[in-house]
Ligand code: NAD
Ligand code: IPM
Ligand code: MN
């Protein structure tokens, strides 16, 4: 039996709370013969408290060695004052960069039972299924220089650098087109080519790759601000949206609300395929953060984290039946009206994080 090595990095705030529910599901599959081996380590503020760094060298080595990393969330007010280089978020950024996780897949699916949980009208979101493909290791997140400089007169200047290379845009474009071919065959590429040189460049590269390799897929270019507006006006016009690191961060939080809650959106961060083994580095993380306002209260919605594990089953391990079974269990729990507070409708009884995790296990049991 193949053994899949998972590294769990629960992190801060609600991270450990939602990760705990995933551990129950990993155990459920393990008992039924799926070979998972797990290790757990620190990341974020909790790693800073223990080691003075947002991730230790040991945790980095374990991440390099794992078949997949499951990541909870990092950050929180406790660490607001720590030096920039060791702030909790730096642990996540290092993982993405050092593991080469350039492709971040953020699917936004509106479960039928949740069409009324969105802040938008039912008819706008019902049946929604879009995939945001966010470039994750380039752009303004990593471009140099990135600094605050003190000038001669004592005033200061701050700079971040938006930088993309041909190779970076080409590879994320190919990921988007490949996905679109298995979906509804349409890619919307979002940038600001009306203002930014990197936007003009992005559009040129996407157009070239489309023409040369994917001319059978529909391509549209959309300015990122318009894309944000269209996502709340008529989101179902989109299939795959490909965009840069910063726009992808913002557009995916908008897309989250179309599904009912930020607590619903999973993601997969993938590296390049190794041509010899066919395997790729991967980290699976919910789109949401550590939610300091609800941390420690047992209120967090664990579905984004559990859905991220579902994506690991699909993308890292090819366990498609298991992934479908998990998605199905989530859909049935939602249909039954068992919901955490963020997605419970008026007059509905909300359950806590653990109860929602238990309900998913019960549905897994019911169909096994
Ligand atoms: P956030 O995503 O943590 O929270 C935004 C809002 O959504 C809050 O009201 C929160 O209660 C709610 N929310 C988020 N996840 C939820 C869930 N699973 N269930 C129910 N409600 C949920 O964003 P923020 O408040 O801007 O950031 C808090 C901290 O998290 C910051 O330090 C930020 O840097 C960090 N952050 C980390 C990640 C990550 O680790 N991947 C992602 C985003 C933000
Ligand atoms: C996300 C988060 C991260 C990002 C932070 C925590 C570094 O907001 O994954 O969406 O900006 O990429
Ligand atoms: Mn974000």
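The values are calculated or read from the model by the stated rules, or taken from the named source; none is laboratory data. Note that the structure is a prediction, hence the values are computed from the model and not measured. So basically every Cβ, Gly included, is an ideal-geometry build from the backbone, and we count neighbours across all protein chains shown.
Here are the numbers:
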{"read-out": "Of the criteria (1) surrounded by 16 or more Cβ atoms within 10 Å (Cβ to Cβ); (2) within 16 Å of ligand 3 (Cβ to nearest atom), which one residue 317 fails", "value": "(2)"}
{"read-out": "Members of the range 31-45 that are in contact (Cβ under 8 Å) with a residue 24 or more places away in the chain and out of contact with any strand residue (DSSP E or B) (no Cβ under 7 Å at 6 or more places or on another chain)", "value": "32, 33, 34, 42, 45"}
{"read-out": "Which listed residue, of 159, 149, is more than 19 Å from the chain's Cα centre (by Cα) and free of Cβ contacts under 8 Å to residues at least 12 places away in the same chain", "value": "149"}
{"read-out": "Single condition residue 278 does not satisfy, out of (1) buried (at least 19 other Cβ atoms within 10 Å of the Cβ); (2) more than 22 Å from the chain's Cα centre (by Cα); (3) away from ligand 1 (no atom under 16 Å from the Cβ)", "value": "(1)"}
{"read-out": "Answer from 270, 283 - the residue that is farther than 23 Å from residue 125 by Cβ, within 16 Å of ligand 3 (Cβ to nearest atom), in contact (Cβ under 8 Å) with a residue 40 or more places away in the chain and touching a strand residue (DSSP E or B) at 6+ places or on another chain (Cβ under 6 Å)", "value": "283"}
{"read-out": "Conditions (1) surrounded by fewer than 19 Cβ atoms within 10 Å (Cβ to Cβ); (2) on the phi < 0 side of the Ramachandran plot; (3) in a loop (DSSP other than H, G, I, E, B): number failed by residue 287", "value": "(1)"}
{"read-out": "Residue in the range 88-102 that is crowded, with 22+ Cβ neighbours inside 10 Å, closer than 24 Å to residue 228 by Cβ and away from ligand 2 (no atom under 12 Å from the Cβ) present", "value": "yes"}
{"read-out": "Total residues in the range 224-261, condition out of contact with any helix residue (DSSP H, G or I) (no Cβ under 8 Å at 6 or more places or on another chain), under 23 Å from residue 163 (Cα atoms) and surrounded by fewer than 18 Cβ atoms within 10 Å (Cβ to Cβ)", "value": "2"}
{"read-out": "In the range 218-258, residue nearest to residue 118 (Cα to Cα) [restricted to those that are within 12 Å of ligand 1 (Cβ to nearest atom) and touching a residue at least 40 places away in the same chain (Cβ under 8 Å)]", "value": "257"}
{"read-out": "Of all residues in the range 197-213 being crowded, with 16+ Cβ neighbours inside 10 Å and out of contact with any strand residue (DSSP E or B) (no Cβ under 8 Å at 6 or more places or on another chain), the one that is nearest to residue 163 (Cα to Cα)", "value": "201"}
{"read-out": "Selection count where residues are outside any helix (DSSP H, G or I) and buried (at least 17 other Cβ atoms within 10 Å of the Cβ), scope the range 37-67", "value": "10"}
{"read-out": "Every residue from the range 96-124 that is outside any loop (DSSP other than H, G, I, E, B), modelled with pLDDT of 95 or more and in contact with a helix residue (DSSP H, G or I) (Cβ under 6 Å, 6 or more places away or on another chain)", "value": "103, 106, 108"}
{"read-out": "Hits in the range 70-87 (condition: surrounded by 19 or more Cβ atoms within 10 Å (Cβ to Cβ) and assigned to a helix (DSSP H, G or I))", "value": "79"}
{"read-out": "Residue within the range 250-257 that is part of a loop (DSSP other than H, G, I, E, B) and either within 15 Å of ligand 3 (Cβ to nearest atom) or within 17 Å of residue 131 (Cβ to Cβ) (or both) present", "value": "no"}
{"read-out": "Unmet requirement for residue 269, which otherwise passes all of (1) away from ligand 1 (no atom under 13 Å from the Cβ); (2) outside any helix (DSSP H, G or I); (3) touching a helix residue (DSSP H, G or I) at 6+ places or on another chain (Cβ under 8 Å)", "value": "(1)"}
